[in-house]
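**Student:** Here it is, the structure in full.
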Amino acid sequence: MEVAFFVGCIAPLRYPGIESATRAVLDRLDVDVRELEGASCCPAPGVTRSFDSTSWLTVAARNLALAERKGLDILTICNGCFGSLFEAAYILGEQPEQLRRVNAILEKIGLAYTPHGVEVRHFAEYLSKDVGDAAIRRTFKKKLDIPVAVHYGCHFLKPSKIKQLDDPEHPTMVDKLVELTGAKSVQYKDKEMCCGAGGGVRARHPETARAMTKAKLEEIRASGAKAIIDVCPFCHLQYDSAQKEIGEGYDIPVLHLAQLYGLAMGIDHKLLGFEAHATPVKLGL
Amino acid sequence: MASEAPLNVPDPVWKQTLLDQVGETLNLCFQCGTCTSSCPSGRLTAFRTRQVIRKAQFGLKDLILPSDDLWTCTTCFTCYERCPRGVEIVGIITALRNMAVRAGYMSESHQKLVRTIYDTGHMIPVSEKVTALRKQLGLPERPPTVLVDEEARKQVKFILDQTGLMRLLKEDK
């Protein structure tokens, strides 16, 4: 199993522990991680695409073309990167006119994208579908006996018409991955609701984004969960930083699935980068 | 005077431009309001998805494009998933935002993000704190992206020059 690792922006530049945990976890799962040298921002769909869809599509196509040149599929660890690159690949596969316009620009920098040239994958569905439960279980050394709140985020499963990964209203994929560690995925009200950060709202209307996060945090606290498990560094950033900004003593640690798997595999805490978290990661394990 | 002109005047030419971009699903909306009742932003703000779609159907561009509420949609896709008529709601909102930006309604906070991606190829600037932590984690100081590849960074700038992203910023007009 070989993949081109698309690191994105928030993991490497804000929560490098998500990047290092992903690398360590994939290594133990015998996934051959190759670098996607020269990749850029996906670019962030909520903002770039909202401003100018052509700029968004063309920069995304460049990232796809870099992977195609390597003959590798792309592995993302962020719903934003996944959504952007997946939807861009879908558009370029369906709309010949868009493909022609994009390739006319890429050609000038010595690149080209072929429709269906690259598959865009997300860490969580890759683990679920390609690695599989049995291989994952074999790498676990420690049972994580805690109740946790899973947050899927929006752009992992939706739009479901083209993603076709799981039921967008009642998904189970990440809950199952989380429960392999021994943790209990608790149910809570509005579990499928957005964290509040997407669509450029975090930048333009931070108070609205925070109010949405607060509504989620209230439900998560009421559920008794001892941690939030996400599959997106942007949701991760929103939950982690908003708790500090709101200041109502939620103290619910926020972990990316890769970091949770790092703990289950017995990987040294120091390699999971919890120092970058605004909300201290104390799990009492 | 533009400020005295009525805003609720349908613009059929603009409506056709929008339809050309978003497709015919815009006309399928029958105003049931499933979108508004599903919208997490609508719980907290004056943003009403159903009303935006209705105004778009009528070509009421002057009521839509200057609206700050248009920017409270988190593009969560819940409305799109639940729409009984298959209206491409998020695609329509995105197209409206593209038009709003072209009409000069991009917030300063968003212009800052555009400059960051143009200058660095990433959305997040490099910080000393994170660089130190990367070293501690056994990662290279910079990820193997445009940040360590001048040629790659130039390619991203070239693309954005071709597509004209920077021309959408106010002071660059």
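The values are calculated or read from the model by the stated rules, or taken from the named source; none is laboratory data. Just so we're clear, the structure is a prediction, and the values are computed from it rather than from any experiment. Cβ sites come from the backbone with ideal geometry, for glycine too, and all protein chains shown count toward neighbours.
**Student:** Suppose we filter B:97, B:102, B:134, B:115 for residues that are over 19 Å from the mean Cα position of the chain (by Cα) and on the phi < 0 side of the Ramachandran plot; which single one remains? Can you show your working first?
**Tutor:** On the way: B:97 fails: over 19 Å from the mean Cα position of the chain (by Cα); B:102 fails: over 19 Å from the mean Cα position of the chain (by Cα); B:115 fails: over 19 Å from the mean Cα position of the chain (by Cα).
None of the others qualify; the one that does is B:134.
**Student:** How about the stretch B:108-130: which of its residues are surrounded by 15 or more Cβ atoms within 10 Å (Cβ to Cβ) and more than 7 Å from chain A (Cβ to nearest Cβ)? Let's see the steps before the verdict.
**Tutor:** Of the stretch B:108-130, the ones surrounded by 15 or more Cβ atoms within 10 Å (Cβ to Cβ) are B:109-111, B:113-114, B:116-118, B:120-124, B:126, B:130.
Within the stretch B:108-130, B:111, B:116, B:118, B:120 meet the criteria.
**Student:** Any idea which residue in the stretch A:246-285 is surrounded by the fewest Cβ atoms within 10 Å (Cβ to Cβ), counting only those that are farther than 21 Å from residue A:127 by Cβ and among the small types (Gly, Ala, Ser)?
**Tutor:** A:284
**Student:** Please state which one of A:73, A:32, A:27 is more than 7 Å from chain B (Cβ to nearest Cβ), under 17 Å from the mean Cα position of the chain (by Cα) and farther than 23 Å from residue B:124 by Cβ. Before you say what the answer is, go through the steps one by one.
**Tutor:** Working: A:32 fails: under 17 Å from the mean Cα position of the chain (by Cα); A:27 fails: under 17 Å from the mean Cα position of the chain (by Cα).
After applying the criteria, what remains is A:73.
**Student:** Does the stretch B:13-66 hold any residues that are assigned to a helix (DSSP H, G or I), under 30 Å from residue A:216 (Cα atoms) and of a type in the set (Val, Ile, Thr), and which are they?
**Tutor:** Those that are assigned to a helix (DSSP H, G or I), under 30 Å from residue A:216 (Cα atoms) and of a type in the set (Val, Ile, Thr): B:34, B:36, B:49, B:52, B:53, B:64.
**Student:** Further, regarding this structure: Given (1) touching a Gly at 6+ places or on another chain (Cβ under 8 Å); (2) more than 9 Å from chain A (Cβ to nearest Cβ), identify the lone condition not met by residue B:34.
**Tutor:** Looking at each condition in turn, residue B:34 falls short on (1).
**Student:** Within the group A:278, A:242, which residue is part of a helix (DSSP H, G or I) and either modelled with pLDDT under 95 or out of contact with any Phe, Trp or Tyr (no Cβ under 7 Å at 6 or more places or on another chain) (or both)?
**Tutor:** Values: A:278 fails: part of a helix (DSSP H, G or I).
Among A:278, A:242, only A:242 is part of a helix (DSSP H, G or I) and either modelled with pLDDT under 95 or out of contact with any Phe, Trp or Tyr (no Cβ under 7 Å at 6 or more places or on another chain) (or both).
**Student:** Just to be sure, is residue A:53 touching a helix residue (DSSP H, G or I) at 6+ places or on another chain (Cβ under 9 Å), of a type in the set (Gly, Ala, Ser), surrounded by 24 or more Cβ atoms within 10 Å (Cβ to Cβ) and within 7 Å of chain B (Cβ to nearest Cβ)?
**Tutor:** Working: touching a helix residue (DSSP H, G or I) at 6+ places or on another chain (Cβ under 9 Å): yes; of a type in the set (Gly, Ala, Ser): yes; surrounded by 24 or more Cβ atoms within 10 Å (Cβ to Cβ): no; within 7 Å of chain B (Cβ to nearest Cβ): yes.
Considered against the rule, which asks whether it is touching a helix residue (DSSP H, G or I) at 6+ places or on another chain (Cβ under 9 Å), of a type in the set (Gly, Ala, Ser), surrounded by 24 or more Cβ atoms within 10 Å (Cβ to Cβ) and within 7 Å of chain B (Cβ to nearest Cβ), residue A:53 comes out as no.
**Student:** Let me spell it out: the conditions are (1) more than 8 Å from chain A (Cβ to nearest Cβ); (2) within 18 Å of residue B:22 (Cβ to Cβ), and residue B:105 meets all of them except one. Which number is the exception?
**Tutor:** (2)
Results for (1) touching a strand residue (DSSP E or B) at 6+ places or on another chain (Cβ under 9 Å); (2) over 30 Å from residue B:103 (Cα atoms), shown as yes or no for each residue.
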residue: B:125; (1), (2): no, no
residue: B:132; (1), (2): no, yes
residue: B:139; (1), (2): no, yes
residue: B:142; (1), (2): no, yes
residue: B:145; (1), (2): yes, yes
residue: B:158; (1), (2): no, no
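**Student:** Of everything in the stretch A:245-266, what is under 22 Å from residue A:77 (Cβ atoms) and outside any loop (DSSP other than H, G, I, E, B)? Give them in sequence order. Before you say what the answer is, go through the steps one by one.
**Tutor:** Within the stretch A:245-266, the subset under 22 Å from residue A:77 (Cβ atoms) is A:252-266.
Answer for the stretch A:245-266, where residues must be under 22 Å from residue A:77 (Cβ atoms) and outside any loop (DSSP other than H, G, I, E, B): A:254, A:255, A:256, A:257, A:258, A:259, A:260, A:261, A:262, A:263, A:264.
**Student:** Let me ask another. For residues that are part of a helix (DSSP H, G or I) and either more than 9 Å from every other protein chain (Cβ to nearest Cβ) or of a type in the set (Lys, Arg) (or both), scanning just the stretch B:70-90, find the one that is surrounded by the most Cβ atoms within 10 Å (Cβ to Cβ). Reasoning before the result, please.
**Tutor:** Step one: list which residues in the stretch B:70-90 are part of a helix (DSSP H, G or I), which gives B:70-72, B:78-82, B:89-90.
Within this subset, residues satisfying the condition of being either more than 9 Å from every other protein chain (Cβ to nearest Cβ) or of a type in the set (Lys, Arg) (or both) are B:70, B:79, B:82, B:89.
On the way: B:70: 18, B:79: 24, B:82: 15, B:89: 30.
Restricting to residues being part of a helix (DSSP H, G or I) and either more than 9 Å from every other protein chain (Cβ to nearest Cβ) or of a type in the set (Lys, Arg) (or both), the top hit is B:89.
**Student:** OK, next. State all residues of the stretch A:87-107 that are within 25 Å of the chain's Cα centre (by Cα) and among the small types (Gly, Ala, Ser); if no residue qualifies, say none.
**Tutor:** If the condition is that a residue be within 25 Å of the chain's Cα centre (by Cα) and among the small types (Gly, Ala, Ser), then A:88, A:89, A:93 are the ones that fit.
**Student:** Given A:44, A:60, A:65, which one is touching a residue at least 24 places away in the same chain (Cβ under 8 Å), over 21 Å from residue A:157 (Cβ atoms) and either more than 9 Å from every other protein chain (Cβ to nearest Cβ) or crowded, with 24+ Cβ neighbours inside 10 Å (or both)?
**Tutor:** Values: A:44 fails: over 21 Å from residue A:157 (Cβ atoms); A:60 fails: over 21 Å from residue A:157 (Cβ atoms).
Result: A:65 is the single residue among A:44, A:60, A:65 that is touching a residue at least 24 places away in the same chain (Cβ under 8 Å), over 21 Å from residue A:157 (Cβ atoms) and either more than 9 Å from every other protein chain (Cβ to nearest Cβ) or crowded, with 24+ Cβ neighbours inside 10 Å (or both).
**Student:** Of all residues being part of a helix (DSSP H, G or I) and touching a strand residue (DSSP E or B) at 6+ places or on another chain (Cβ under 9 Å) in the stretch A:91-128, which is farthest from residue A:1 (Cα to Cα)? Just the residue, please.
**Tutor:** Filtering the stretch A:91-128 for residues part of a helix (DSSP H, G or I) gives A:91-94, A:96-109, A:123-128.
Next cut, touching a strand residue (DSSP E or B) at 6+ places or on another chain (Cβ under 9 Å) only: A:123, A:126.
Values: A:123: 13, A:126: 11 Å.
Among residues in the stretch A:91-128 that are part of a helix (DSSP H, G or I) and touching a strand residue (DSSP E or B) at 6+ places or on another chain (Cβ under 9 Å), the one farthest from residue A:1 (Cα to Cα) is A:123.
**Student:** Taking the residues in the stretch A:212-223 that are in contact with a helix residue (DSSP H, G or I) (Cβ under 9 Å, 6 or more places away or on another chain) and aliphatic (A, V, I, L, M) as candidates, determine which candidate is surrounded by the fewest Cβ atoms within 10 Å (Cβ to Cβ). Steps first, answer last, please.
**Tutor:** We begin by selecting, within the stretch A:212-223, every residue in contact with a helix residue (DSSP H, G or I) (Cβ under 9 Å, 6 or more places away or on another chain); these are A:212-214, A:216-217, A:220.
Filter once more, keeping what is aliphatic (A, V, I, L, M): A:212, A:217, A:220.
Working: A:212: 30, A:217: 21, A:220: 25.
Only one residue fits best here, namely A:217.
**Student:** Find all pairs meeting these conditions: Cβ atoms under 6 angstrom apart; at least six residues apart or on different chains; first residue within the stretch A:114-142 and more than 17 Å from residue A:262 (Cα to Cα); second residue of a type in the set (Phe, Trp, Tyr) and in a helix (DSSP H, G or I).
**Tutor:** A:120/A:86; A:122/A:82
**Student:** Residue check: is residue A:143 loosely packed, with under 13 Cβ neighbours inside 10 Å and in the same structural domain as residue A:230 (by TED's automatic domain parsing)? Give the derivation first.
**Tutor:** Working: loosely packed, with under 13 Cβ neighbours inside 10 Å: yes; in the same structural domain as residue A:230 (by TED's automatic domain parsing): yes.
In short, yes.
**Student:** Just the residues that are surrounded by fewer than 18 Cβ atoms within 10 Å (Cβ to Cβ) and out of contact with any helix residue (DSSP H, G or I) (no Cβ under 9 Å at 6 or more places or on another chain), please, taken from the stretch A:224-245. Working first, answer last.
**Tutor:** Taking the stretch A:224-245 as the starting set, the residues that turn out to be surrounded by fewer than 18 Cβ atoms within 10 Å (Cβ to Cβ) are A:224, A:244-245.
Matches in the stretch A:224-245: A:224, A:244.
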